[in-house]
Amino acid sequence: MATISNSGSTSVNGTTPESMDLKDEMILPPLPPPPPIMAEPHIGSMKRISGRKHKNSEVASRQYGINIFIVGLLLMFAAYLRINGLSESDRLIFLIALMLIQILWMIFHMAVSSRKTWGFPERDGHAGARWLRCGIGLFALTTIVMHALKLGYFVGYAECKSIIEGIYPITHIIHTVLQVCFLWRHSKDVIKSFKKLDRFGLIHSVYTNLLLWASAVATESDHQLEEHMGRLTSLGFVNITLHDDHVACNCTTYLCDIFKRGIYYMYPFYIEYQVLASAMLYVLWKNIGNNLGYCHHRPKLNFRGVIPGTLLGLIVFAATLAMVAIYLLNIGRSKDSSESALSIFYFYSIAVLAFMSIVSVIGLIIHRLDTTPTIKVNSPAVKLDEDLLVGSAVGSWITSWSSIIAIIFSDSHPAFTWYNLPYSILVIVEKYIQNLFITTYINRKDNPNTKIPQVEIYVTSGETNFPTESTDFGTGKLDKTPNHLHKHYSNCKGCICHQEILQNPSSRFKKTVLKNITAALFLCNISLWIPPAFGCRPQYDNGLEAIVFGFMPWIIITDIAVPFSIFYRMHSMYALFDVFCKVGSF
């Protein structure tokens with residue numbers, strides 16, 4: 001160790017140069033002056049100021065979006081209640097203005113991102129999965145078809161309808177096409193240029209899509225109320241007719257009725273499109289200015305050993321198609337056929353929900369017994385997946401608890417209502433357990449600091465280098481890499497990725513069981529998505545809850561809750577697909 005004496009001479013380890021031989025003498029340069037004391041605190045204070053500005057703009061944009069949403073909801077309720085001085089055209093003008101603002105912002109964002117200077121090179125690998133973008137593309141196609149039918153319906157009644165009702169579907173088609181292009185190209189972006197403008201643009205887009213969703217729910221609620229009043233007559237309930245909007249002129253073509261009927265078939269898909277678009281835009285908003293600090297791992301899909309789970313899922317899928325056909329052919333025909341259709345639906349659902357609950361519990365038990373060190377994934381997209389699973393499950397929980405209360409306090413109890421009771425309980429239990437299973441594994445990531453023998457694989461410029469013959473793990477040497485080492489590595493550039501994990505037969509068996517569980521749950525969620533999406537909605541048709549809570553309140557509650565239930569099944573499919581990929585890399 002070198003020191004400098006007061007006289008300016010240098011000593012090494014306490015020995016002065018005079019006591020050293022000439023050949024051993026060391027001449028050291030003078031020590032550099034210490035850095036300024038205020039340098040580090042100044043940098044820290046700048047970081048704190050930057051973080052505060054980031055938080056302030058986030059809060060300001062959120063409040064802007066909430067106020068837009070409140071204004072839109074008030075206009076919607078005022079138009080629905082036919083308040084004097086406000087018409088449906090005024091509400092549509094407000095929605096058109098919101099969509100035009102979003103269109104202008106999306107064009108600006110796509111133009112900026114194409115410039116090399118202001119591009120967004122950092123991307124969140126957890127956000128905007130290809131499977132999710134394909135889903136939103138499919139729902140967007142149905143949305144375009146629906147608004148094309150609306151435009152055709154407007155043309156037939158153009159003589160007595162406001163021109164705004166023709167401009168609205170055209171604007172919505174342009175908005176949908178641009179929004180899908182925007183999400184396909186930019187759903188993974190981590191925006192770090194024009195952050196304030198993009199925060200307001202994205203939150204404006206989120207709440208615009210939510211208002212379009214709320215408008216669709218209100219329109220479909222009115223239509224479903226009229227339709228299901230007729231079905232309740234077959235079950236012996238009193239027939240109630242509500243107001244019907246009659247157009248003041250005749251249709252100039254013979255296709256108006258076909259257009260009107262087709263529009264309402266498209267509404268479930270349109271509602272899912274708006275919810276899905278809002279979720280993807282919200283992830284973009286949360287990612288603005290973030291430093292991700294992790295390397296996204298994209299494991300290779302491996303379908304080996306999942307035949308049992310796939311077969312079970314396909315059996316459930318086939319049973320679903322048969323049940324949907326029986327339900328739609330029998331409901332509303334007569335009292336006996338309607339009760340028979342409802343009973344078959346409840347028997348089917350009880351069996352499927354019980355099966356899903358059992359396999360989810362098995363998956364949780366396997367996780368409980370697993371001792372492999374793991375860490376929690378930190379990503380806004382993964383966090384949003386958790387929130388959406390719980391938030392969308394609330395819709396089914398509302399209708400299920402309402403059914404339980406209605407069964408308890410109803411004066412009359414037809415036979416099928418007692419099947420409704422275990423069905424409603426299982427809906428609550430199954431979603432609760434499945435959410436635990438999905439969130440347990442979707443957050444799971446191998447711990448890079450684990451003491452399991454591993455090989456570091458250096459990835460630079462897309463090239464992978466790793467030892468082929470001998471490898472020193474620090475605990476001994478292996479002459480050859482064993483065949484039972486499970487290799488997996490990331491495709492990220494410029495980061496050190498790992499690892500080759502030694503797996504014993506017990507670990508392989510647990511992983512195979514988990515993959516089968518995930519495959520079965522994936523197909524079961526597809527099966528449970530089909531009935532409500534294509535018209536099997538016993539919440540409307542059994543009539544019990546409507547009698548207890550009132551027809552109009554129950555229809556409104558159900559039309560708000562059922563789209564969330566449909567979205568829950570679709571989002572569960574996406575989350576379970578992600579779990580399946582992660583299980584393969586454990």
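Side notes on the structure shown:
- Whole-Hz couplings from phi, Karplus 6.51/-1.76/1.60, listed for region 563-568; x for Gly and Pro: x, 5, 5, 5, 5, 4
- Taking all protein chains as shown and a probe of 1.4 angstrom, residue 105 keeps an accessible surface of around 20 Å².
- Net length gained if the chain between residue 410 and residue 250 were fully extended (0.36 nm per residue, minus Cα distance): 53.1 nm
- Here region 309-437 is assigned +1 on the Cβ of each Lys and Arg and -1 on the Cβ of each Asp and Glu. Its dipole about the Cα centre then comes out at about 100 debye.
- Per-residue ³J(HN,Hα) for region 95-104, Karplus 6.51 cos²θ - 1.76 cosθ + 1.60, θ = phi - 60°, Hz, x for Gly and Pro: 5, 4, 4, 4, 5, 5, 4, 5, 4, 4
- Label-to-label distance, residue 560 versus residue 141, with points set 7 angstrom from Cα along the beta-carbon direction: 3.4 nm.
- For region 184-191, putting each phi into the Karplus relation 6.51 cos²θ - 1.76 cosθ + 1.60 with θ = phi - 60° gives couplings of 5, 8, 10, 5, 9, 5, 10, 6 Hz, in residue order, rounded to whole numbers and with x for Gly and Pro.
- FRET efficiency estimate (nearest 0.05) - Cβ-Cβ, residue 394 to residue 177, R0 35 angstrom: 0.65
- One decimal place: the segment residue 370-residue 74 gains 101.4 nm when fully extended, by the rule 0.36 nm per residue minus the C-alpha distance.
- For residue 310 and residue 264, the difference between the fully extended length at 0.36 nm per residue and the C-alpha to C-alpha distance is 13.2 nm.
- FRET E, pair residue 257, residue 56, Förster distance 51 Å, beta-carbon r, rounded to 0.05: 0.40
The values are calculated or read from the model by the stated rules, or taken from the named source; none is laboratory data. Please read all numbers here as calculations on a predicted model, not as lab measurements. Reconstructed Cβ throughout: ideal geometry from the backbone, glycine too, with neighbour counts over all protein chains shown. Note: accessible area is taken over every heavy atom of the protein model, side chains too, but ligands, DNA and RNA are not part of it. Shrake-Rupley method; radii C 1.70, N 1.55, O 1.52, S 1.80 Å.
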